[in-house]
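Shown next, in structure tokens, is the structure this report addresses.
Throughout, read-outs are computed from the coordinates displayed, never taken from laboratory work. Keep in mind it's a predicted model, so treat the numbers as computed, not measured.
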Amino acid sequence: MSERGGLRRRVSRALYQRPRLRLALLLALPLLWLLIAYIGSLVALFLTSLYHYETDPTGLVQKLVTTPSTTNFHRVLTTDVYRTVAFRTIGAAVSVTLIDLVVALPVAFYMAKIAGPGLRRALVIAVTMPLWAGYLVKGYAWRSMLDPAGGVFHEVFGHSPGFGLTGTILTLAYLWLPFMVIPIYVGLERLPDSLLEASTDLGAKAGRTFMRVVLPLLRPSIVAGSIFTFALTLGDFYMAQIVGGTTQFLGSIVYREFSANLPFAAAYATLPIVIMLAYLFAARSSGALEEL
Amino acid sequence: MYVSRRARYLLGAFMALVLVVMYFPILYVARLSFNKARSFAWPPQGFTLEWWRAAYHASGPREALLRSVETALLASAIALLLGTLAAFALTRHRFFGRNAVGFLAVLPIALPGIVTGIALNSGYHRVGITLSLFTLVVAHATFCIVIVYNNVAARLRRLSPNLEEASSDLGADMFQTFGYITFPLMRSALLAGALLAFALSFDEIVVTTFTAGSGFETLPLWIFNNMFRPNNLPLVNVVATVVIVLSIIPVYIAQRLSDGAIGASGR
């Protein structure tokens, strides 16, 4: 055996006998990266949100005050505009989630329970692929379709919702639909057919079986899907800019303030974090987190 | 559950309708890139390669393309390394805080992009790092780790430990076992993870907005900066089509390589 082979064997044996060392070697890089780059950044975000700008006595110069204070949070909670925008964004997130749910249920049901195995596989690919590509391009496509002057909606259906809140909600519901379809499909596929047959044997019609058997069992999957549609809408600002006309979302304000007043942007950005954490906490009890 | 024939047809028709709605906008933009008219008015008119020629010779989109590819390649390479290491650590070892590490890996994409973006921005700001290609790559790699991790971990969980035990019973050391047994079985999952990471990075704009240096325009940023200029719309159509094709191809290949569906949890 060559010298190098001998060394390699010794290293291999040393590692084999020390699982903790092996674990440390595997974990060190990714863990350090995530802690420094990501957790470090979140801490920085939080610290920044405690700073604020103050106008000096002359009223001309904005001065950054680095003594921690809750000034920004106070402003978020007491200013009408910021509250309105926050509620509008939450409302949009709820609407998008409901639209996606209504569309995703029959689609996922068809995929899981009616389509044959070959078609099913093709459909899963067809539904999943758009999830990965063309976020901005799709927004742009919807901009062209919603255009009140000559867009597809106007020309084909005779009416376009135009650029505004409705257009933004439609576009976002379109964008996030696969995130709702996939978990529900997975949930339905796991649901044994025998359960549905038993319900039929006991005399329930399709609608009743769906409401009383399928829906309750699908709850974790639905909640899992809604986490995506809700969170993604909550943080979005590009679609509001592209198809929203003058509509402002939570993200729009963070984006606008970010170059002018980073501490305030940071404080406003903690709002979606808090809402999402509350949502995740509420979702925990339904067992949805295991579905993610 | 008995589903009547009529209900089956109705559900089938709805499924078809949803697929049409899903793909129509993308195909429409692709069609517009060959449109004779400059506007995106319906219906499209005629067929021309003029805009593709113009886009090919325009310097803006080409530079943006190079930057996007550069960013995506670097970010997915880093994510491939870190995600694979994390997958081995979390599937092969039981330790205190294992779930926390898994949660930590998902966090960058579980939180809205704007949060991840502005957090990284204030992190850089605080340490005094100027935004550049480096800061952008670090940001993209951070949210791509979980994509690779998911793919590799799924494969590792399915891999029978018997194979590796047999290998060491036959006298192979750990490195030999990895090289002859584990790696060949993992190869397609690694490639799938890297391809998905590439596609995700290539397509990303929100985190990019907050972490790219000024004047550093990726392809999605170029599209956004030009879509409000009516004169540039034909070029935007071409670039948008290129973005779609360049991110759909790796996703399609990844889909074929990975064991199951690449689920929503990937993102």
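Taking every pair of distinct Cα atoms and averaging 1/r, then inverting, what Kirkwood hydrodynamic radius in Å comes out for chain A? Don't skip to the end; give the middle numbers.
Working: mean 1/r = 0.0432 Å⁻¹.
Over chain A, the inverse of the mean reciprocal pair distance is 23.1 Å.
Rg and Dmax of segment B:40-110 over Cα atoms: what are they, in angstrom?
22.0, 64
For the protein assembly as shown, what does the alpha-carbon gyration tensor say about shape, rounded, prolate or oblate, given a ≥ b ≥ c as the root eigenvalues, a/c under 1.5 as rounded, and a/b over b/c as prolate? Don't skip to the answer; put the middle values down first.
On the way: a/c = 1.41, a/b = 1.10, b/c = 1.28.
Rounded shape, in that the Cα axes give a/c under 1.5.
Rounded to the nearest Å, what's the spacing between the alpha carbon centres of segment A:156-204 and segment A:216-292? Just the number, please.
20 Å
With n ≥ 4 as the cut-off for DSSP H runs, can you work out [θ] at 222 nm for chain B, using -39500 (n - 2.57) per run divided by the number of residues, rounded to the nearest 500? Walk me through the numbers on the way to the answer.
On the way: 12 runs with 197 residues, N = 267.
Result for chain B, helices only: -24500 deg cm²/dmol.
Output ³J(HN,Hα) for segment A:168-174: one whole-Hz value per residue in order, computed from phi by the Karplus curve 6.51 cos²θ - 1.76 cosθ + 1.60 with θ = phi - 60°, and x for Gly and Pro.
Using θ = phi - 60°, the values come out as 5, 5, 4, 4, 5, 4, 4 Hz.
Can you tell me what percent of all Cα-Cα pairs in segment A:3-49 are more than 12 Å apart? All intermediate terms of the calculation are to be shown ahead of the outcome.
Values: 759 of 1081 pairs.
Beyond 12 Å sits 70 percent of the P(r) for segment A:3-49.
So what is the 222 nm mean residue ellipticity for chain A from helices alone, if each DSSP H run of at least 4 adds -39500 (n - 2.57) and you divide by all residues, rounding to the nearest 500 deg cm²/dmol? Can you show the working numbers first?
Numbers: 14 runs with 201 residues, N = 292.
Per the formula, -22500 deg cm²/dmol.
What is the set of long-range amide H partners of A:His52 at a cut-off below 5 Å, with H atoms built 1.01 Å from backbone N?
A:Val65
Under the rule a/c < 1.5 gives rounded, and otherwise a/b versus b/c splits prolate from oblate, where does segment A:1-111 land using the Cα gyration tensor?
Details: a/c = 5.24, a/b = 1.52, b/c = 3.44.
Since a/c reaches 1.5 but b/c is at least a/b, the shape of segment A:1-111 is classed as oblate.
Starting at the first residue of segment B:98-106, write each ³J(HN,Hα) from the Karplus equation 6.51 cos²θ - 1.76 cosθ + 1.60 with θ = phi - 60°, in whole Hz, x for Gly and Pro.
4, 4, 5, 5, x, 5, 4, 5, 6
For segment B:53-266, what is the largest minus smallest coordinate of the Cα atoms on each principal axis, given in angstrom and ordered from greatest to least?
Taking max minus min along each principal axis of the Cα atoms, segment B:53-266 gives 68, 42, 27 Å.
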